[in-house]
Structures are given as structure tokens and as C-alpha cells.
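Okay, structure first, notes after.
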Amino acid sequence: MIFIGILFSIAAIGFFCWLLFTLAVFALPFFAGVTAGMWAYNTGAGWLGAILVGALAAGCRFRGSRPLVPI
């Protein structure tokens, strides 16, 4: 029983590491877009310009974090 508990613990650690890195792939473009949108709004682009700049920055960052040829 102790051996099974150790195996489950290792599997749980592996799962949470995988989950952490998978969610980080999506969190980075989101925060980059929010930051760019706030910068655009504070420089006078207005709310529509801030949304467009933020969406463009997030899209570029998301595309840049993915390989062009899937492995």
C-alpha cells in the first residue's frame, strides 16, 4: 500500500507540473495583452484603441509562443 501511495504521489506531482506549464502558455499572452491595452489607454488611444492594441498584442504573443511546425 505504501508503494501505491508513492506512485500516486509521483503521478500527482507530474500532473500538476503539466497543468502549471499548460496554463502558463495561455496566461502569458493574456497578461501581455492586458499590459499593452492599459499602456495604450493611458497614452490616449481610448477604450476601443486599447482593446484593439491589447488583442493584437495578445494574439502576437500567443502565436509567438507556439511552434510553427507541430512536433
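The values are calculated or read from the model by the stated rules, or taken from the named source; none is laboratory data. What you are looking at is a predicted structure, and each value in this text was computed from that prediction instead of being measured. Each accessible area value is taken on the protein alone, full model and side chains, heavy atoms only, with ligands, DNA and RNA left out. Shrake-Rupley method; radii C 1.70, N 1.55, O 1.52, S 1.80 Å.
Criterion first (of a type in the set (G, A, S), open to solvent by less than 100 Å² (accessible area, probe 1.4 Å), modelled with pLDDT of 90 or more and under 22 Å from the mean Cα position of the chain (by Cα)) does G33 satisfy it? Spelling it out, G33 is indeed of a type in the set (G, A, S), open to solvent by less than 100 Å² (accessible area, probe 1.4 Å), modelled with pLDDT of 90 or more and under 22 Å from the mean Cα position of the chain (by Cα). Candidates A11, A27, A50, A55: the one that is open to solvent by less than 50 Å² (accessible area, probe 1.4 Å) and at pLDDT 90 or above is A50.
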